[in-house]
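Below is one structure; the comments refer to it alone.
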Amino acid sequence: MCGESRTHGVDRGKIRRSFQRITYRYQFLQLMNEKRGKITDKQFFTSRLFAGRLEEMAAAQSKRHHYTRRVRVQTVWEPNNPDTAKTDNDVIWINCGHSVVTKIKGRVNRYWIIIGLFAHELGHILFTDFLASMSYNRAMEAYRWYPDPPVLRKSVDARNEKDLWEYMKDNTDNRDAVIYIAHFISNVLEDGFTDDRMLKKFPGTLGMGLQTYRDLRVTMLPTVTQMMEEEDNGDRHIFDTILQNILSYVRFGQIKYGDEPLSEFRIKSVFEMINELDRAVITNSGKERLGIVNQILIRFWEQIKDYCELVKDRMKAEAAAGATVVVSAAMAKAMGAISGATAAAVGSTCSLVEGAEEEESSTSAAREASHSDAEDSAEEENTTGNGDISKENEAPGGSSECMEGGSAKASGGKSKGKQKTSESEGGRIPLKQTSKVSAPVGGNITHDPSYEREKYERAATDIDRVLDKMAEKAACKEMESERLRSLNEAAQNIAYGNIHEGVNIKVHRITTVDEDLVDDYNLVSAPLQAISSQLQRSLTTQLQDYRRGGKMTGLLMGRRLDSHALHRMDGKIFTKNNLPNETPELAVGLLLDESGSMHSCDRCTYARASAIILYDFCTSLDIPVMVYGHSTGSNCVDLYSYAEFDAIDKDDRYRMMDIGARGSNRDGAALRFVADQLSKRPEAVKILIIVSDGQPADTGYYGTAAEEDLRGIKQEYQKKGILFVAAAIGNDKQNIERIYGDSFMDITDLNTLPVKLTSLVKRHIRV
């Protein structure tokens, strides 16, 4: 059997480790499937993995617009929080437990709603001019218009403007209330604009999610009739209704009238501003949108002022009851009646599309119907005389705001004028007389269900991918927790000797690696992996030849002549055939001193770098490796497991970023534990590397007694086949050399530590 192994170059150690990995993988998959079936929607949507998936989407789409700053996503489950989603231009916050999500059944359907919320907030980051919004607020606080004063088309507009500034200057509560409303209106217009941009520019997953969310919101919008009933009951103010209609038109291109005629003030007043609202949706200028906010403030000032007074009265009532209420909170509570409104986005960047070519609105089809209704409303007014505005009511230099521009379409918001109507047709477009039906030209009818199917499958694939990762992490966490329990149990079953009597031993291990450790590793890993790769290359070819066997040429002595080398004058004319061989089986243990003195001269940094390089070197060559650190606490030896021989997950490299300087060092207890773990390995060669910057120093453990303990441990485990190497990196080199004798390695230059440790391993696998 041995001869067969050598003949075929079979590495029995690799076969054994492969079998172990297969067995482990089978057990792991069983546990993973069990965990997968228990993942709830709350766990799924609030997981870091799902948020990370959204961050990947944001990164991919942001690059298209040269937006290089990383967008972070935070998902929460807060059913009692009225906010659905918001952003501060750095983090997108999504409440996955909001009723707008949870009322929908099915994880896939909820997924699309959350994607829609995410797409909406990403739209703000990509397209909202936050700097313009900040300038607007500062101007309003100084009682100035920004960017320009509104156009005063009627004498009532001039009166409203004067009254607005007088009201704001009267007291700070008035000012803050008006600014809040202005900011709310601005956010409504921005919502319409950013939704429109996202739907046009990202028709894939983001666009489908956003449209799904918008379709749901439309079904939730109240009708004008319903809102007027709420007004009668005292649950809603007329300005709530007007603002709801503005939001409905701007975001969704429609207004749900209910049983109300088009001439109803709450509808007609929005129609009168339909051109401005269209402009707000399609213009890329945030400043122009803010100018439209000013127009809305002036147009509806009477209703806004009354609304502010209503909110202030509520504040007084709450204050009388002992509550402390600020204006912003009171306004937010009052305006919570607006369906489909989102939390205002904040930030400090300008728009990424400023000056870009304008496009037709994505809701232009729905807007066409509203424009037609606006025309009908204007026709009714012209017919009955109810909509006439006398020239006496016009402001000097202004123009009447009747419906002359009411037929403007969404594409550019420019007026095309009214179509001619016929009195015989009741003021409508006259019936066109025809003598025959025109023949159809081409065309056919097809059915294409791929859109919905593609949408579903994409969601299902994304969900499955995240579920698998979540199940994998859950399984890893459970197995890591079990491993930690076993390690601590093993630590308690070791006889440490009288010198350590009464001292507690505790093993620490990170069961789940967080993103901070991953980020820290990624910042430093590239040059360290390059060193590891260079060291590997110098050994790989030699190992391959050793495993394969082959013909050696250019020998001075031998039993076979090389006919092709007879011309050589140096006598190297003999050859030899080598049989395939097994690579010497090797296991490596690394024990790092994590005492407080490791802070000095960046010793801890070099030790951490060395651990990362050694770990990468060994794992790349399929050499089992273990990395531990040790320190002391209150009457306790703390052992830190960074890398274990049999990895459960692939995160040990990240765990090593936790290596740091901590307390004192009770070397003997730590050394015995790690040596005992290493001694159980089946490999023929077992190397234990100790990295320390000084001699033992702990309460009751120092001087000659401690040194004798370490020498005894070394001798004991040397008999069990362990090779000790003590790398001294501090000022106590002489003491460490005295303790470990011929196992001592002097690392005067810390820069050489990674290479020397790795070269040490290379020597034991070199042939």
Quiz item: Of the conditions (1) over 26 Å from LEU750 (Cβ atoms); (2) of a type outside the set (Val, Ile, Thr); (3) surrounded by fewer than 17 Cβ atoms within 10 Å (Cβ to Cβ), TYR717 fails just one. Which one is it?
Solution: (3)
Quiz item: Quick one: would you say LEU262 is in the same structural domain as SER370 (by TED's automatic domain parsing) and either touching a Gly at 6+ places or on another chain (Cβ under 7 Å) or more than 24 Å from MET331 (Cα to Cα) (or both)?
Solution: yes
Quiz item: Only one of (1) surrounded by 20 or more Cβ atoms within 10 Å (Cβ to Cβ); (2) within 23 Å of THR512 (Cβ to Cβ) is not met by GLY660, so which one is it?
Solution: (1)
Quiz prompt | helices (runs of 4 or more DSSP H) contained entirely in the stretch 36-137, each with at least 3 residues that are within 28 Å of LEU189 (Cβ to Cβ) | solution = 48-63, 99-102, 107-127
Quiz item: Counting only residues that are surrounded by fewer than 18 Cβ atoms within 10 Å (Cβ to Cβ) and polar (S, T, N, Q), which one in the stretch 124-174 is farthest from TRP301 (Cα to Cα)?
Solution: SER135
Quiz prompt | Residues of the stretch 663-676 classified as assigned to a helix (DSSP H, G or I) and surrounded by fewer than 22 Cβ atoms within 10 Å (Cβ to Cβ), total | solution = 1
Practice problem: From ASP170, ASP235, grab the single residue that is closer than 24 Å to ARG314 by Cα and free of Cβ contacts under 8 Å to residues at least 24 places away in the same chain. | Solution: ASP170
Quiz item: Of (1) crowded, with 18+ Cβ neighbours inside 10 Å; (2) over 23 Å from ARG251 (Cβ atoms); (3) charged (D, E, K, R), LYS86 satisfies all except one. Which?
Solution: (2)
Quiz item: How many residues does the stretch 690-710 contain that are of a type in the set (A, V, I, L, M) and crowded, with 23+ Cβ neighbours inside 10 Å?
Solution: 2
Exercise. Return yes when ASP215 is buried (at least 19 other Cβ atoms within 10 Å of the Cβ) and modelled with pLDDT of 90 or more and no when it is not.
Key: no
Quiz prompt | Within the stretch 452-503, considering residues that are modelled with pLDDT of 85 or more and among the acidic types (Asp, Glu), the one surrounded by the fewest Cβ atoms within 10 Å (Cβ to Cβ) | solution = GLU501
Quiz item: Do you know which of the residues in the stretch 668-724 that are in contact (Cβ under 8 Å) with a residue 24 or more places away in the chain and among the aromatic types (Phe, Trp, Tyr) is nearest to ALA495 (Cα to Cα)?
Solution: PHE673
Quiz prompt | ILE292 being touching a residue at least 12 places away in the same chain (Cβ under 8 Å) and farther than 25 Å from ILE113 by Cα | solution = yes
Practice problem: Among the residues of the stretch 692-745, write down those that are in contact with a strand residue (DSSP E or B) (Cβ under 7 Å, 6 or more places away or on another chain) and of a type in the set (Phe, Trp, Tyr). | Solution: PHE724, TYR740, PHE744
Quiz item: Can you tell me how many residues in the stretch 726-752 are over 18 Å from ASN665 (Cβ atoms) and in contact (Cβ under 8 Å) with a residue 60 or more places away in the chain?
Solution: 2
Quiz item: Which condition number in (1) free of Cβ contacts under 8 Å to residues at least 60 places away in the same chain; (2) touching a strand residue (DSSP E or B) at 6+ places or on another chain (Cβ under 7 Å) is the one that ILE659 fails?
Solution: (1)
Exercise. Examine the stretch 324-333 for a residue that is of a type in the set (Lys, Arg), in a helix (DSSP H, G or I) and modelled with pLDDT of 90 or more, and state whether such a residue exists.
Key: no
Quiz item: List, please: which pairs have Cβ atoms under 9 Å, are six or more places apart or on different chains, and start with a residue in the stretch 89-111 that is at positive phi and end with one that is surrounded by 18 or more Cβ atoms within 10 Å (Cβ to Cβ) and at pLDDT below 95?
Solution: ASN89/VAL71; ASN89/HIS124; ASN89/ILE125; ASN89/THR128; ASN89/PHE130; ASN89/ALA345
Exercise. Filter the stretch 622-635 down to the residues that are aliphatic (A, V, I, L, M) and assigned to a strand (DSSP E or B), then identify the one that is nearest to VAL691 (Cα to Cα).
Key: VAL627
Quiz item: Looking at the stretch 219-229, which of its residues are in contact (Cβ under 8 Å) with a residue 40 or more places away in the chain and in a helix (DSSP H, G or I)?
Solution: MET220, VAL224
Quiz item: Which residue out of LEU592, LEU614 is within 17 Å of SER532 (Cα to Cα) and touching a residue at least 40 places away in the same chain (Cβ under 8 Å)?
Solution: LEU614
Quiz item: Among the listed residues ALA132, ALA58, which satisfies the condition of being closer than 26 Å to LYS287 by Cα, of a type outside the set (Phe, Trp, Tyr) and over 20 Å from the mean Cα position of the chain (by Cα)?
Solution: ALA132
Practice problem: Report, by residue number, each residue of the stretch 518-527 that is surrounded by 11 or more Cβ atoms within 10 Å (Cβ to Cβ) and under 17 Å from ALA607 (Cβ atoms). | Solution: ASP520, TYR521, VAL524, SER525
Practice problem: With respect to ASN731, determine if the residue is assigned to a loop (DSSP other than H, G, I, E, B) and either among the polar types (S, T, N, Q) or under 22 Å from CYS636 (Cβ atoms) (or both). | Solution: yes
Quiz item: Within the stretch 574-585, is there a residue that is in contact with an Asp or Glu (Cβ under 8 Å, 6 or more places away or on another chain), of a type in the set (Phe, Trp, Tyr) and not assigned by TED's automatic domain parsing to the domain that holds LEU760?
Solution: yes
Quiz item: Among the candidates ASP616, ASP638, ASP649, which residue alone is assigned to a strand (DSSP E or B) and either buried (at least 17 other Cβ atoms within 10 Å of the Cβ) or at pLDDT 95 or above (or both)?
Solution: ASP638
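The values are calculated or read from the model by the stated rules, or taken from the named source; none is laboratory data. Because the structure is a prediction, the values reported are computed rather than measured. Glycine also receives a Cβ, built like all others from the backbone with ideal geometry; neighbour counts cover every protein chain displayed.
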